[in-house]
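The values are calculated or read from the model by the stated rules, or taken from the named source; none is laboratory data. Predicted, not measured: the structure shown is a model, and the values here were computed from it. Every residue, glycine among them, receives a Cβ derived from its backbone with ideal geometry; neighbour counts consider all protein chains shown.
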Amino acid sequence: MEEPHTCHTANCTHTAPDIAHVQQRERQYAERKRLRQPSCRMNDDEYQLLLQAAAACRMSVATFLARAAMKAARDLERTAAEIATEREIIAELFAVRRQLGYLGNNLNQVAKVLNSGADAPHALAVLDAVQRAAARVETATGRLLPEAG
């Protein structure tokens with residue numbers, strides 16, 4: 001049995017790793033070095049998606065974020081349009097949610113009138129409004145989540 005070595009210096013041959021040496025990337029010039037370190041907050045789902053995307057691209061999270069941010073910054077028209085579209089869709093979903101609340105109240109009133117034996121002349125108009133609101137929800141969610149459409 002070999003005795004443990006205590007030297008472990010840079011020239012020590014018994015400490016050499018079994019894997020091949022990975023070549024270090026070329027150092028950047030001082031004017032190209034990334035010195036700024038912005039930060040952002042994410043929830044767990046967003047962070048997991050980020051980790052998966054970086055791994056799929058075979059990049060570190062920091063490199064992936066830097067490249068993605070620079071790509072978005074260089075194409076501001078497209079980036080702004082995508083962000084604006086998402087905001088518009090979310091605003092539309094909130095508006096439809098409010099409308100569905102109002103319609104639910106109207107449906108309850110129609111059901112109460114019909115259950116009492118009276119006539120509800122606006123029942124068809126309320127049902128039509130519910131169908132239109134449901135179509136708006138389907139359209140907005142289809143735009144927000146294209147894979148669901």
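Things to note:
- Only one of the numbered conditions (1) surrounded by 13 or more Cβ atoms within 10 Å (Cβ to Cβ); (2) in contact (Cβ under 8 Å) with a residue 12 or more places away in the chain is violated by VAL113, and that is (2).
- Taking residues in segment 24-46 that are at pLDDT 85 or above, and partners anywhere that are surrounded by 10 or more Cβ atoms within 10 Å (Cβ to Cβ) and among the aliphatic types (A, V, I, L, M), the pairs with Cβ atoms closer than 7 Å and at least 6 places apart or on different chains are MET42/LEU50.
- Any hit, segment 77-100, residues being modelled with pLDDT of 80 or more, assigned to a loop (DSSP other than H, G, I, E, B) and either of a type outside the set (Ser, Thr, Tyr) or surrounded by 12 or more Cβ atoms within 10 Å (Cβ to Cβ) (or both): no
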